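In what follows, a single structure is set out as structure tokens and then discussed.
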Amino acid sequence: MTLRVLDIVGGTSVDGPGLRTSVYFAGCAHHCPGCHNPQSWDAAGGVEMTVDEIMAVLDDNDFNVTFSGGDPLLQADGVAELARRLKADGRNIWCYTGYSYEDVAVSERFARLLENIDVLVDGRFVESERDTSLRFRGSRNQRLVDVRRSKPGAVIEWTDI
């Protein structure tokens, strides 16, 4: 199984708590005005990598992992497989998406990913809601959903306290 990857950045601290490795996937259908990464919108961007190749890079870095992009859910099947393997290794996994948690949870295609994600940063970036004081997100409408403790209709936001 292959995925389109724009970049893999080890040792970052902006995409979740602690030092993490962020995998930036190609492709986004949301095209949010004011997006800080519009070059990620092209689904044909980046390079093709197998799940094994991505795992080798992530194993070399040996940090917890964040999926970003673009929108990782555009490659949901491959990202779900990657998440399954990372979770089997005991990794903490965050995933950014422009979709809402509720939409992801009820989608047959997307919900598989939630089985192995710890935090889903959900919602489109909304320029009028931009707030640079927020941790790990760009606009006030976005949530840090604690996936293990949430269910549709009862979202519990992640806190590190």
Selection from the stretch 118-161 of residues closer than 15 Å to Pro33 by Cα, small (Gly, Ala, Ser) and outside any loop (DSSP other than H, G, I, E, B) yields Ser128, Ser139
For residues that are open to solvent by 60 Å² or more (accessible area, probe 1.4 Å) and closer than 23 Å to Asp160 by Cβ, tally how many sit in the stretch 91-128. 1
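Just a yes or no: is a residue in the stretch 98-112 of a type in the set (Phe, Trp, Tyr) and assigned to a strand (DSSP E or B)?
Checked the stretch 98-112: no residue is of a type in the set (Phe, Trp, Tyr) and assigned to a strand (DSSP E or B).
For every residue, the table says whether it meets (1) part of a loop (DSSP other than H, G, I, E, B); (2) open to solvent by 20 Å² or more (accessible area, probe 1.4 Å); (3) of a type in the set (A, V, I, L, M, F, W, C); (4) modelled with pLDDT of 95 or more.
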position: Val5; (1), (2), (3), (4): no, no, yes, yes
position: Ile8; (1), (2), (3), (4): no, yes, yes, yes
position: Gly11; (1), (2), (3), (4): no, yes, no, no
position: Gly16; (1), (2), (3), (4): yes, no, no, no
position: Val23; (1), (2), (3), (4): no, no, yes, yes
position: Cys32; (1), (2), (3), (4): yes, no, yes, no
position: His36; (1), (2), (3), (4): yes, yes, no, no
Can you tell me which residue within the stretch 38-64, out of those that are assigned to a loop (DSSP other than H, G, I, E, B) and closer than 24 Å to Asn92 by Cα, is least open to solvent (accessible area, probe 1.4 Å)? Phe63
By residue number, the members of the stretch 109-140 that are in contact with a strand residue (DSSP E or B) (Cβ under 9 Å, 6 or more places away or on another chain), of a type in the set (S, T, N, Q) and more than 27 Å from Ala88 (Cα to Cα) are Ser128, Ser139
What pairs can you find where one residue is in the stretch 132-161 and of a type in the set (Phe, Trp, Tyr), the other is open to solvent by 30 Å² or more (accessible area, probe 1.4 Å), and their Cβ atoms are less than 7 Å apart, with a gap of 6+ or different chains? none
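Does Asp77 satisfy the condition of being part of a helix (DSSP H, G or I), within 24 Å of Val47 (Cβ to Cβ) and open to solvent by 20 Å² or more (accessible area, probe 1.4 Å)?
Spelling it out, Asp77 is indeed part of a helix (DSSP H, G or I), within 24 Å of Val47 (Cβ to Cβ) and open to solvent by 20 Å² or more (accessible area, probe 1.4 Å).
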Check Ser128 against each of (1) within 25 Å of Ala29 (Cβ to Cβ); (2) under 17 Å from the mean Cα position of the chain (by Cα) and name the one condition it does not meet. (2)
Subset tally (residues that are of a type outside the set (S, T, N, Q) and open to solvent by less than 60 Å² (accessible area, probe 1.4 Å)) for the stretch 138-155: 8
Any residue in the stretch 1-28 that is under 21 Å from Gly45 (Cα atoms) sitting within a Cβ distance under 6 Å of a residue that is among the polar types (S, T, N, Q) and open to solvent by 40 Å² or more (accessible area, probe 1.4 Å)? List the pairs, counting only those 6 or more apart or interchain. Thr2/Thr50; Gly10/Asn61; Thr21/Asn61
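The values are calculated or read from the model by the stated rules, or taken from the named source; none is laboratory data. Because the structure is predicted, anything quoted here is derived from the model rather than measured. Positions of Cβ are backbone-derived with ideal geometry, glycine not excepted, and every protein chain shown enters the neighbour counts. Surface areas here come from the heavy atoms of the whole protein model, side chains and all, with no ligands, DNA or RNA. Shrake-Rupley method; radii C 1.70, N 1.55, O 1.52, S 1.80 Å.
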